Amino acid sequence: MNIGYHASHEQFSPSHLLELVGKAEKAGFNMVLSSDHFHPWSEKQGHSGFAWTWLGAAMQATSMEYGIVNAPGQRYHPAIMAQAVATLLELYPGRFWMAAGSGQALNENITGDRWPSKEERNTRLHESVEMMRELWKGKKVSFKGSVQVENAKLYTKPLDTPTVYGAALTESTAIWLAEWADGLITISRPLDELKKMVQAFSLNGGKGKPLALKMQISYANTKEKALEGAWDQWRNNIFPSSLLSELNTPDQFDELGQSVRKEDVAHHVLAASDAGTFIDAIKSYSDMGFSRIIIHNVNKWQEDFISFFGEEILPNLKEHE
């Protein structure tokens, strides 16, 4: 079981995140998952640093494993993403993996191109990942489909082929990506829902493939403060992915979040002040088969969260291993 720290570029500046991952490594986290947005989820979050520039600095400054959630095909051409990944893996062998998803209009629609349907985005995603895999092998690639490439070849190849997790928020997406993705990444939710997601993935071609989870929590010295912090920063994100993927601007997310109550957020973010609540949840996810569990403390109090986990959570989880 690997426990990771989520680096949220929407909530913090790149320089602050660089400090935070250094603190996370010292506290005992052994991996980092980076977001990859052009816009934040809310105007009040206020940041949107370029993740790929930051990754080079963060991987040089620490020795942890890094991953990123990326949507190749519109904002990013997959050949460019293949080159970026290959460069990181030449610099830092064995320390990088990626998760690929179909994206959201909030980030991808800045190109001004038509925003495709979910079915079209899925086709584009699969084609993009296959294109990247061929490039990582050193092959010359030409392809005309949802995305196009002409005579592309990577001359600086990765020293090892990266694991590509498929990002899924619904059972239907988990079923679809089970055959071609190297693993599954999803977000925390009630255990019965997660079990259905894992079963859908396993029974349709994903059996034996690794599972990763982004666990959304909010820690503070009281449960009330923890819930307040989650509501302040994350209330725009609790709606179904079919809706969130179609919104175009942070303003639209803020408008959607106006009606959200704190008790609504409590169903989607584990807000607590005691170690036992977090330890029990993480152990439950581990027992379900998730080998990479990335903790996203959605509030602003990152230093307090890192210190608390380093002292109260991570040592107990090592005993569980």
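Brief remarks follow.
- FRET efficiency, 1/(1 + (r/R0)^6) with R0 41 Å, evaluated for Phe50 and Asp280 via beta carbons: 0.65
- Solvent-accessible heavy-atom area per residue, rounded to whole Å², over the range 4-77 at 1.4 Å: 33 Å²
- Report summary: the helix-based calculation at 222 nm, which adds -39500 (n - 2.57) for every DSSP H run with n ≥ 4 and divides by the residues of the chain, gives -12000 deg cm²/dmol.
- Model label sites at Lys300 and Glu90, defined 7 Å from Cα along the beta-carbon direction, differ in position by 4.2 nm.
- q = 0.20, 0.33 Å⁻¹: log10 I(q)/I(0) that the Debye formula gives for the range 136-175, counting C-alpha atoms only: -0.82, -1.02
- Using the Cβ-Cβ distance between Lys26 and Met1 with R0 set to 25 Å, the FRET efficiency from 1/(1 + (r/R0)^6) comes to roughly 0.80.
- For the range 1-138, the spherically averaged projection of the C-alpha convex hull amounts to 8.9 nm².
- Here the relative contact order of the chain, from alpha carbon pairs under 8 Å that lie six or more residues apart, stands at 20 percent.
- Coordinate range of the alpha-carbon atoms in the range 182-221 per principal axis, descending: 43, 20, 10 Å.
- Of the residues Phe305, His268, Ser291, the one whose Cα sits farthest toward the positive end of the charge dipole of the range 184-321, with +1 on the Cβ of Lys and Arg and -1 on the Cβ of Asp and Glu, is Ser291.
- Within the range 226-271, the proportion of C-alpha pairs whose separation exceeds 17 Å stands at 28%.
- A protection proxy built from the mean count of other Cβ atoms within 10 Å ranks the segments 244-257, 16-29, 288-301, 150-163, most packed first, as 288-301, 16-29, 244-257, 150-163.
- Computed from Cα atoms, the angle from the helix 118-136 axis to the main principal axis of the chain rounds to 70 degrees.
- Computed lengthening from Thr170 to Glu19, 0.36 nm per intervening residue step minus Cα-Cα distance: 50.9 nm
- A full extension of the chain between Glu224 and Ile80 corresponds to an added length of 47.4 nm, given 0.36 nm per residue minus the alpha carbon distance.
- The chain: angle of helix 223-234 to the longest principal axis, Cα-based, in degrees nearest 10: 30 degrees
- Its residue count N sets the reference 2.2 N^0.38 Å, and the alpha-carbon radius of gyration of the chain equals 0.96 times that reference.
- Counting only protein chain heavy atoms and rolling a 1.4 Å probe, the accessible areas of Thr173, Thr111 rank, largest first, as Thr111, Thr173.
- The fraction of accessible area contributed by carbon and sulfur in the chain is 49 percent, rounded to a whole number (1.4 Å probe; ligands and nucleic acids excluded).
- With protein chains left intact and a 1.4 Å probe, residues in the range 110-252 average 50 Å² of accessible area per residue.
- For the range 213-321, the equivalent ellipsoid built from the Cα gyration tensor has semi-axes of 27, 16, 11 Å, listed from largest to smallest.
- The simple Förster model, with R0 at 30 Å and r as the Cβ-Cβ distance, assigns Ser291 and Ser63 a FRET efficiency of 0.95.
- Mean projection area, nm², convex hull over Cα of the range 185-274: 7.2 nm²
- Spatial separation of Cα centroids for the range 43-112 and the range 228-301, in angstrom: 22 Å
- The value of relative contact order for the range 1-128, using C-alpha pairs under 8 Å at least six residues apart, is 23 percent.
The values are calculated or read from the model by the stated rules, or taken from the named source; none is laboratory data. In this text the structure is predicted, and so the values were computed from the model without any measurement. Methodologically, a virtual Cβ is constructed for each residue, glycine included, from the backbone with ideal geometry; neighbour enumeration extends over all protein chains shown. Just the protein is used for accessible areas: all its heavy atoms, side chains included, with ligands, DNA and RNA removed. Shrake-Rupley method; radii C 1.70, N 1.55, O 1.52, S 1.80 Å.
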